[in-house]
Amino acid sequence: MKIAVVGTGYVGLVTGTCLAETGNDVTCVDCDQEKVDLLRQGEIPIYEPGLAELVGRNAAAGRLRFTTDLAAAAKAARLLFLAVGTPSADDGSVDLSALWAVIDQVAPLLAEDAIVVLKSTVPVGTNAAVAERLSELTGRRCDVASNPEFLKEGAAIDDFMKPDRVVVGARRAAVAEVLADLYRPYLRTDKPLLAMSPESAEMTKYVANALLSTKISFINEMANLCERTGADVDEVRRGIGHDRRIGFSFLFPGVGYGGSCFPKDVCGLAAVARAHGLQPRILDAVHEVNLQQKTVLVEKIEHHFGIRHSAFSIQHSPLTIAVWGLAFKPGTDDIREAPALVLIDRLLEQGVTLRVHDPVAMPNVRREYGERLVYCRRCEDALQDADALAIMTEWKHFVHPDFEQMYRLMRRPVIFDGRNLYDPKRMKQAGFTYYSIGRPPVQAELSETTLPAMEVVGG
Ligand SMILES: NC(=O)c1ccc[n+]([C@@H]2O[C@H](COP(=O)([O-])OP(=O)(O)OC[C@H]3O[C@@H](n4cnc5c(N)ncnc54)[C@H](O)[C@@H]3O)[C@@H](O)[C@H]2O)c1
């Protein structure tokens, strides 16, 4: 099958590469010349485990190429996948300008039997609007299908190659059949291809992300309540998770969800609800709780050190904080809406020195923050003379650190764990003052408050 994928970001690059892997002839298009040049040189602009090898293999076999020439790719394609970004507009609605720009450009070029496949996450009704626009521009009926993507960054190849399900929204059975044929190699373990209306397919993607976000905000709210009442959310989580009606997934408390999908999709769905005259009370609450949750850890830090967030920054604060984990989750270099950035911004405002570490996201962070942060290649380096450590992403190598070495390196043995990686009792024994999410804090047996008090100016 001759395929063009327009938009070669996290989704487009993975989609194009995985489709080439099963023998399709794929052209990935992007308007970003630098990105296309990198890919042509065999370099991968994003971190995604296993992707570099797969891109290399398929490019070498001549099944996968990269270009900025949308017109040529569109003319030749039987299937034209659209995977451009659909970010939040200022009012929380979905900005479809990239999608419309592509549609307007490709309309006159599409082959008679071409199918436009919307892989970007788009609000319900977009498929119908795209079909209408294409027929206006071409003077004939054009087939448009919805094929939302459910991959997770960090496990994207596996998710694409072995999906739980594939959702296809199509008006005509023949169109669904073409996509069913394309996806057959990925569904060999009897996972379903669910053919439905384009409207249902569009809603399915948003409802999935909204429900996952809801679970996260729900457990975060419960965690905060546990903490106030002396309960331990980890015990509560286990107490509920064994109930088969509830389960364990997406019920880990933390510092709030980030990334390019959950925040914008919750707001995007809320905007759709409002446009249809419905008050999206749950979605609004999910978003609101998440915004607050992103500040929970930094507030613990401020409280512990006696600094308050205020318009007046603390001049030349002597505080140094190590930050482990900058991406919005492990396994990716994606820092879009990452909770770590909220913490970093607030501590920088207060003049705190930040020694940061992330195994793959530091180049992206450096692009935004320049030399305002101290970048540390190894997580231990970040701890040097730190007054505290804040853990923002649960990379695997943070799970079993050398606590004795950490204790020696840090100026004060204080840990603010936004991912509940450690056992509080063990931390106390190891000499740390330890704060986590939804669990009672523990004070070091040898209290760090015996260290000299810090001078806090202003605030
Ligand atoms: N990232 C995820 O985990 C994920 C998962 C499922 C669905 N989605 C959805 O997939 C879509 C893409 O997400 P992403 O994370 O891959 O975005 P991204 O920002 O990583 O990639 C989008 C790409 O589109 C390119 N682009 C923009 N306008 C273009 C144009 N006119 N012509 C050609 N290229 C153009 C950009 O240069 C960029 O490379 C979004 O709708 C998103 O909601 C993302």
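Every number in this text was worked out from the coordinates using simple rules, so none of it is lab data. Worth saying up front: this structure is predicted, and the values here are computed from it rather than measured. Don't worry about glycine lacking a Cβ; one is built from the backbone with ideal geometry, like all the others, and counts go over all protein chains shown.
Remarks
- Cβ-defined net charge surrounding S88, 12 Å radius [Lys, Arg +1; Asp, Glu -1]: -3
- The mean of 1/r over all pairs of different alpha-carbon atoms in region 81-185, once inverted, gives a Kirkwood hydrodynamic radius of 14.8 Å.
- Dipole in debye (nearest 20) - region 309-412, about Cα centre, beta carbon charges: Lys, Arg +1; Asp, Glu -1: 80 debye
- Check: the chain dipole with +1 on Lys, Arg Cβ and -1 on Asp, Glu Cβ, in debye: 800 debye
- Rounded to whole Hz, the Karplus (6.51, -1.76, 1.60) HN-Hα couplings of region 65-81, x for glycine and proline: 9, 10, 7, 9, 7, 5, 4, 5, 5, 5, 4, 7, 8, 7, 10, 10, 7
- Kirkwood-Stokes translational diffusion coefficient of the chain, alpha-carbon pairs, 10 °C, 1.306 mPa s, µm²/s: 66 µm²/s
- The value of relative contact order for region 216-338, using C-alpha pairs under 8 Å at least six residues apart, is 27 percent.
- Selected from G241, L51, V36, residue furthest toward positive end of dipole (the chain; charges at beta carbon): G241
- Reference-scaled alpha-carbon Rg (2.2 N^0.38 Å with N residues) for region 300-411: 1.02
- Efficiency of FRET from Cβ geometry, K75 and F250, R₀ 35 Å, rounded to 0.05: 0.25
- Loop GluC sites (Glu not before Pro), region 1-106 (other Cβ atoms within 10 Å of the site Cβ: 12 or fewer; DSSP): E43
- When its C-alpha radius of gyration is set against 2.2 N^0.38 Å (N residues), region 230-331 gives a value of 1.41.
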